[in-house]
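One structure is given below, encoded as structure tokens.
The values are calculated or read from the model by the stated rules, or taken from the named source; none is laboratory data. Just so you know, these numbers come straight off a predicted model, no measurement behind them. Quick reminder, even Gly has a Cβ in these numbers, built from the backbone with ideal geometry, and neighbours come from all protein chains shown. Only protein heavy atoms, including side chains, enter the accessible area calculation; ligands, DNA and RNA are left aside. Shrake-Rupley method; radii C 1.70, N 1.55, O 1.52, S 1.80 Å.
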Amino acid sequence: MDGPIKVYYFISRFLDSDIPTISSNFKEFLVKDGMIEMLIMFITQNFPESIRDEIKEHQLKQQQESNQSKLLEQPSSLSSSLDNESSNTTIPSIEVISNKNNKLETTIGLMKSYKVMNLFLHPSPPFISLVKEKLPVIISSLFEIFENENINSDGSNRSLPNIHHFSKVMSSLFYQYTFDFLNELSEIDKKTQKMYFQILVENIHHTTIQDLFIIIAKRASASVSEYQTSNPIETKKIQKTLQKSKVFNIISSFFTLQQLPNSNNIINSSNNGFVNKNISSDNLNGANTTNINTNNNNNNKNNNNNNNNNNNNNNNNNNNNNNNNNNNNNNNKNNNNNNNNNSNNNSNNDNNPNNNNIQYKQIKKEKYLLMMEGITEFINKCIEQLDIHGPDVGFTISSFQNKEFFDTLIRLMTNDSPKTKDSFVHRKQCLSIISTFCKQSNEYTKKNRFQQEKESIFSPSGSPSSWLLYLTTNHLQNICKILVDVGNDPNQKQHLGSYRIDMLSLLVDVIKAKSTFKRKQPNQPYLSVELWYFLIDWFFQFNNIYQSKFFSLLRELFIQQHLPSIKHFCTFHLTRFISFYMSNDDEVESRGVVLLILNYIRIAATQFPQNHFFVTFLKSNDQWNKLQQLLISDTLKLYTPNLVGDNSMELICFGSEFAKSIGFVDEEEMQAKESKKLVLVDEFQTSGNSSEVGPPVISAEEIAQIEKELLKEEESNQKKKKKNNQKKKK
């Protein structure tokens, strides 16, 4: 038995114990060359070939012994029946036995991997000193897990490694040896010639690796108070180490440029990965490109197809000749010829570069798509857990909180390049990140009651304090352009899709943010004329999901009394809603939503001034006047079927429950509810800190009296000063 196999069995027997612990004697054993690497191989499952062969032989021996013992343990009374049925029984195949052994070995290997992980999570004092000495070797051995994973993707039967155990060990090393761990991850792996951080980024589609990056980011973030140490110098050291490695610039540059920089050519931190450049096919790792002429591609494809057809014809002729020859030979010769034909076919497939290139591109493309999904999930987690609610807020050492990163996401969504399938997926990922930015800014303003007042005063002043306001002041027209592109895209005309709904939801949030501005803005149209026609067409094409979103958009425009939008809707599109309602029966699904929209317009007209364009337009519109009585009667039948009379009209007017259900809210009631919430928040804060006494609540009248008294004191003081000055002059 060779040395590595002996070491494997020795460590395996050590891990068979219930709670293995590293003693000082066992530490002396692990200090030797190759011992700690063998221990970590129980996590990575990247054993040498000799050990894997030994494991298979050992499994077959155990299976044979277990089968023999089962036969011996059977009672003698069944021996005759077994003899009679021996001809009918089937011996299990080698594949069935190997599958059973693989399942058994997977569970045993999983338990041993878990025990090795616990050695790092709950280390003994000898093991702590050993890990500190062997940290570079441990990290390089741990990263062999990705080599094993790549081999498994080729179809081998090797047991899969446990990424969860790998990430747990990495996080424990980060907590215990923070600076040494980060410095080591910034080094270059000798086998792959890549930085360890870059290898983690390439495998960021694993959620456990995303969580590992989040742990590192939280520890390095100065804004997260619970991860701050007593010595802020340590946090600055961590930030400097991460800035030198440029790991977060690698993530952002790969997402925005769709290019993973090499370890020797990492993008400078001044650029932050936001560079306008063309993307080559090598950089995309098999993804579709935008700078290749389609004519050349078509010509190449045609030539390749012709060549392949010719080759196939030749191969078929050769096979036919071989078959004719084989028919004239004996059985043994036939077998030999078949083997030769199979070997020739295999050699031809191996020598065909087109097949290998296609498989390689497919693997690279799948890897690229997984990386993009993982980076999207990681950025969304960073925004939520690090509270990146506005520009230059949150995780200061990354580029995720920069305006340039946000602008690049918008630029990628408004890109005029050919809309391929991969580019559409990338645009959906950009939209996911932008939506998370806006969601986080909304949550932050809700939690901080003075934030909304601050934003309404200082925005739009060039420095908005939330992402939603930044999007509102700088990219409203870009959002409209993206929706117009969706309408012009032939691949999206028949299906609603989540991308269209999410974009419309984002547009509604942006227009809602416009209402918070206290500064006067130019009364310009929010939506383009082309977008209006698309929105109306989609309303009558798609289902209630889109119709409810459109209703919320229209309601927000009327709440803000935005005159350009109201003028355009009433002049060009209101007649379509009226004619649709009057020409269709109750069985049509969209008729109910149209009824609510028309009722909203009817009630909203009572809240506008009588000389407003909206009111005068409805009064002068004959089609609206014909509809109004039908609309009121249908609404009363649907919402107040048991009440009929002169007072029934009050049940569907402003202030009624029906009006509140479609979006009309009394401002006095809303202010009363908000004041009650503020009082409850104050009581909760003061009761939480019993030692601290909260400030007394002062009414507006008391404040006015205090101001009057202060003015009187100032006037009396000024009079006294004048008298004193006059006396001095005399």
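What to note about this one:
- Residue within the range 423-437 that is at pLDDT 90 or above and over 17 Å from the mean Cα position of the chain (by Cα) present: no
- The condition (being among the β-branched types (Val, Ile, Thr), within 42 Å of the chain's Cα centre (by Cα) and open to solvent by 70 Å² or more (accessible area, probe 1.4 Å)) is satisfied by just one residue among 559, 566, 601: 559.
- Residue check for residue 384: open to solvent by 50 Å² or more (accessible area, probe 1.4 Å) and over 23 Å from residue 235 (Cβ atoms): no
A quick yes/no check of all residues on (1) in a loop (DSSP other than H, G, I, E, B); (2) open to solvent by 20 Å² or more (accessible area, probe 1.4 Å); (3) over 22 Å from residue 434 (Cα atoms); (4) aliphatic (A, V, I, L, M):
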position: 473; (1), (2), (3), (4): no, yes, no, no
position: 477; (1), (2), (3), (4): no, yes, no, no
position: 487; (1), (2), (3), (4): no, no, no, no
position: 503; (1), (2), (3), (4): no, no, no, yes
position: 508; (1), (2), (3), (4): no, no, no, yes
position: 525; (1), (2), (3), (4): yes, yes, yes, no
position: 531; (1), (2), (3), (4): no, no, no, yes
position: 534; (1), (2), (3), (4): no, yes, yes, no
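- Complete set of residues in the range 219-239 that are open to solvent by 10 Å² or more (accessible area, probe 1.4 Å) and either modelled with pLDDT of 90 or more or part of a loop (DSSP other than H, G, I, E, B) (or both): 222, 223, 224, 228, 229, 230, 231
- Looking across the range 1-34 at every residue that is assigned to a loop (DSSP other than H, G, I, E, B) and among the polar types (S, T, N, Q), the one that is farthest from residue 58 (Cα to Cα) is identified as 23.
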